[in-house]
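Take a look at the structure below.
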Amino acid sequence: MTDRTTRREFLKTSAGVAAGGALPSPRHSRESGNPSVPASAGTTAVNPPPAGDPLPIKKGVLLGMLPQDKSYAERFKIARDTGFEVVQAYTTEDAKLADEIKAAADGAGIRIDTVMNEGHWEWPLSSSDPAVVEKSLKRMETSLHNAKLWGSDAVLLVPAVVNPKTLYHDAWTRSQENIRKLIPLAEELKIVIAIEEVWNRFLLSPLEMAAYVDEFKSPWIKAWFDVGNVVLYGYPQDWIRTLGNRIYKVHLKDFKRLEDAYFWVNLGEGDIDWAEVRNAFREIGFADSATVELDGGKEPFLEPYLRDVSSRVDRLVLGKA
């Protein structure tokens, strides 16, 4: 199973995906492009926007949400035309295809600002098998080079997977040891490795997440915060305030809990208190990109659906009227 398939199945866990049926009815501010040195970790806000002003967060969309039957040029144009400013793309090992993706994004006038690494589920860096780890490291190296080619400034990494064969302590120590092997390349290319919290039975609290990132003592290791992933066992506003400017990039999705089930739903239709999330982002001065990670919708409603998602980000996350 590919990593991309795993994430899509993850979004469908238990009941359904955001757009499955009902949907169509930085961190501190910096210039775009690769940072020379990222902001240091910490929790103190730096020049948060005045209360009432829209947050200066760039709206992003996952490449997988765009129509897969269209060319990359058409997909990037749809992203731009439906209101998104940046795109998150996937690890691409084929150099010719990577060049095609770059040309398509440049031609559409939209930036690929992040790369979702693929392979970290199938070959986790927490594995005790050196061959598995080597595959994972190679995939991350490819992702970092993709990011450099595309003008991105971060690669998303799921750092470890806890399972019956991998103890929590071992997942922590092994993954940190292996991620440290990637820091020299990240520094050379000026690409941040952003650690995401997911349903991998690892980094289950904001305090753990903060400690895990801080232990690297590197400006090239930051946190990728997914607003929806913590709703089952926490509150995203708590995570945001605790992680502070460790947060480099953000994923957006919503989550609905019922008595005997739970669902991924469209933004604003779940249990997330978006006003508090917005307040928390304002307090820490987050001004980078937030990428929606939802289902792609279905034709013939895809573009209206994407426009609707974009407008929900405006209202719920950015605070625009």
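FYI, it's all coordinate maths here, none of it is from the lab. Computed from a predicted structure; not experimentally measured. FYI the Cβ positions are ideal-geometry reconstructions off the backbone, even for glycines, and counts take in every protein chain you see.
Side notes on the structure shown:
- Inter-label distance for ASP106 and ALA51, nm, one decimal - labels placed 7 Å from Cα along Cα-to-Cβ: 4.7
- As a calculated quantity, the FRET efficiency between ALA321 and PHE301 at R0 = 35 Å, using C-beta atoms, amounts to about 0.90.
- Taking 19 Å as the cut-off, no amide N atom of segment 104-118 comes nearer than this to a point 7 Å along the Cα-to-beta-carbon line of ILE183.
- Trypsin sites (Lys or Arg not before Pro) lying in DSSP loop within segment 100-173, provided at most 11 other Cβ fall within 10 Å: LYS165
- Spin-label pair ASP238-ASP260: with each label point 7 Å from Cα along the Cα-Cβ axis, the two points sit 2.8 nm from one another.
- Charge tally for THR173 (other residues, Cβ to Cβ under 13 Å; Lys, Arg +1; Asp, Glu -1): -1.
- Each 10 Å bin from zero up to the one holding the largest Cα-Cα distance in segment 190-321 carries the following percent of pairs: 12, 42, 33, 12, 1.
- Rounded Å value of the spacing that divides the Cα centres of segment 90-127 and segment 176-251: 20
- Here the contact order of segment 198-276, divided by its residue count and restricted to Cα pairs under 8 Å and six or more residues apart, works out to 27 percent.
- Size of segment 245-309 as Cα extents on the principal axes (Å, biggest first): 39, 33, 18
- When peptides 295-306, 77-88 are ranked by their average number of other Cβ atoms within 10 Å per residue, the highest-first order is 77-88, 295-306.
- Distance violations [Cα-Cα > 28 Å] among LYS70/LYS96; LYS58/LYS138; LYS77/LYS148; LYS165/LYS253: LYS58/LYS138; LYS165/LYS253
- Rough spin-label spacing in nm, given labels placed 7 Å along Cα→Cβ, for ASP129 and GLU93: 1.5
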